[in-house]
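The values are calculated or read from the model by the stated rules, or taken from the named source; none is laboratory data. All values derive from a computational prediction rather than experimental measurement. Because the Cβ atoms are built from the backbone with ideal geometry, glycine has one as well, and the counts that use them run over all protein chains shown. Just the protein is used for accessible areas: all its heavy atoms, side chains included, with ligands, DNA and RNA removed. Shrake-Rupley method; radii C 1.70, N 1.55, O 1.52, S 1.80 Å.
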Amino acid sequence: MGSGFFVTVEGLDGSGKSTQVSLLSEALRADGQLVTVVRDPGTTELGERVRRLLLNPGIGAPVNRWAETCLFLAARAQLFHQVIQPALELGHTVLSDRYLDSTLAYQGARGISWKPLLELHRLCGLDRFPDLTLYLDIPVDRAQRRRSATIPDRLEAEAVPYHETVRSGYLELARRFPARVTVVPAEGRAEELAGEIRALVWERMAEGRAI
Ligand code: TMP
């Protein structure tokens, strides 16, 4: 019961997170592991619909920060209870492109403190934290240059100081939860980064087995 390993990958938009999730899932599968890959918000029908709502830049009036938070939590509750928890119980390695630390960093950057955000997670039955969180760290200007070819979604369209606050939030999370959150400098080439990430994940999984 609940024996799978749960890895989340976090970072600013443009940090190369989704590429790394995909490379890591290939490596885990090549190692013979059963892998479930998800994205948050998303993956479930409900989560994908909430995602479209949340990221749509033309949603009308400015989205209230608590409304935004509750929508992210709704998508996550559906994702965890429908997909992540059953997969962990089957012994899968679960790989999530974003998870609770995105809420702590992004909604934290809206001025909501972590205490109520963590309490909301507990109330929604989301107190199974990841075993390992990889935060791909990259300066804001670099991240923005990397994604300048795409039309920004509602969150991406926020001004630079907001994204700076998000980045500081992630770095603070790594200081506060060092056993779970690892900072991975992510400015280098994708293949080299993938190698470093594989080494980190394998090491942590081996420690988990030894306990
Ligand atoms: P993505 O395209 O990397 O999946 O990111 C979706 C956007 O939603 C991204 O700008 C970060 C933001 N976000 C939050 O603000 N709070 C959250 O809890 C999550 C999961 C994402």
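Given a 1.4 angstrom probe, I'd like the percentage of the accessible area of the chain that is carbon and sulfur, rounded to a whole number.
Details: 5650 of 10070 Å².
On the chain, the fraction of accessible area on carbon and sulfur atoms equals 56 percent.
Just check region 69-211 against the gyration tensor rule for me: Cα atoms, a ≥ b ≥ c as the square roots of the eigenvalues, rounded for a/c under 1.5, and otherwise prolate or oblate depending on whether a/b exceeds b/c.
Oblate, since a/c reaches 1.5 and b/c is not below a/b.
In whole angstrom, how far apart do the alpha carbon centroids of region 4-48 and region 138-177 sit?
Measuring centre to centre over Cα atoms gives 19 Å.
Which of rounded, prolate, oblate describes region 1-128, given a ≥ b ≥ c as roots of the alpha-carbon gyration tensor eigenvalues and a/c under 1.5 marking rounded, otherwise prolate only if a/b is larger than b/c?
Prolate, since a/c reaches 1.5 and a/b exceeds b/c.
For the chain, what does the accessible surface come to per residue with a 1.4 Å probe? Please give it in Å².
Values: 10070 Å² over 211 residues.
For the chain, the per-residue accessible area is 48 Å².
Excluding ligands and nucleic acids, what accessible area in Å² is computed for V94 using a 1.4 Å probe, to the nearest 10?
Approximately 0 Å² for this residue.
Excluding the sites themselves, what is the longest stretch of the chain that contains no trypsin sites (Lys or Arg not before Pro) in a DSSP loop with at most 16 other C-beta atoms within 10 Å?
Details: sites that count: R128, R147, R154, R180, R189.
Longest run free of exposed loop sites: 1-127.
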